[in-house]
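Worksheet for the structure shown next.
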Amino acid sequence: QVQLVESGGGLVQAGGSLRLTCVASGTTRSINAMGWYRQAPGKLRELVATTSNGGSTNYVDSVKGRFTIFRDNAKNTVYLQMNSLKPEDTAVYYCKGLSSSREYWGQGTQVTVSS
């Protein structure tokens, strides 16, 4: 089992920055990839960014150039650095871990960007 705990959300003005943190515990060696997803009110959950154990990353087009996903494997932690935030980035952000047999989700952290 893997447990994921997110932190770092909050209220920020447009143009500001936040860094989200996701700490994994449990059988973390089973995790092959980790990522950040978000869900805005009335919308489906969408992928924001992912990173694999090999170091490759992937971003949704709307955040490219503004968000960066990176990992500290020694701390079993994945981060999402969010710069130049926009009101449309407002959502609950979830951390996801993926093993060969299942996926794990954190409880989510709210990000609100005011205009």
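Table for the structure above
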{"read-out": "Accessible area, probe 1.4 Å, largest first, for residues 46, 88", "value": "88, 46"}
{"read-out": "Count of lysine pairs in the chain with Cα separation under 22 Å (8 or more residues apart, or interchain)", "value": "6"}
{"read-out": "Per residue accessible area in Å² of the range 35-115, where ligands, DNA and RNA are left out and the probe is 1.4 Å", "value": "52"}
{"read-out": "In Å², nearest 10: area of residue 115 left accessible to a 1.4 Å probe", "value": "140"}
{"read-out": "The range 5-90: trypsin sites (Lys or Arg not before Pro) in DSSP coil with no more than 14 other Cβ atoms inside 10 Å", "value": "43, 64"}
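The values are calculated or read from the model by the stated rules, or taken from the named source; none is laboratory data. Treat the numbers as computed from the prediction; the structure is a model and nothing was measured. Ideal geometry is used to build each Cβ from the backbone, glycine not excepted, and the neighbour counts take in all protein chains shown. The accessibility values were calculated without ligands, DNA or RNA, using every heavy atom of the protein model including side chains. Shrake-Rupley method; radii C 1.70, N 1.55, O 1.52, S 1.80 Å.
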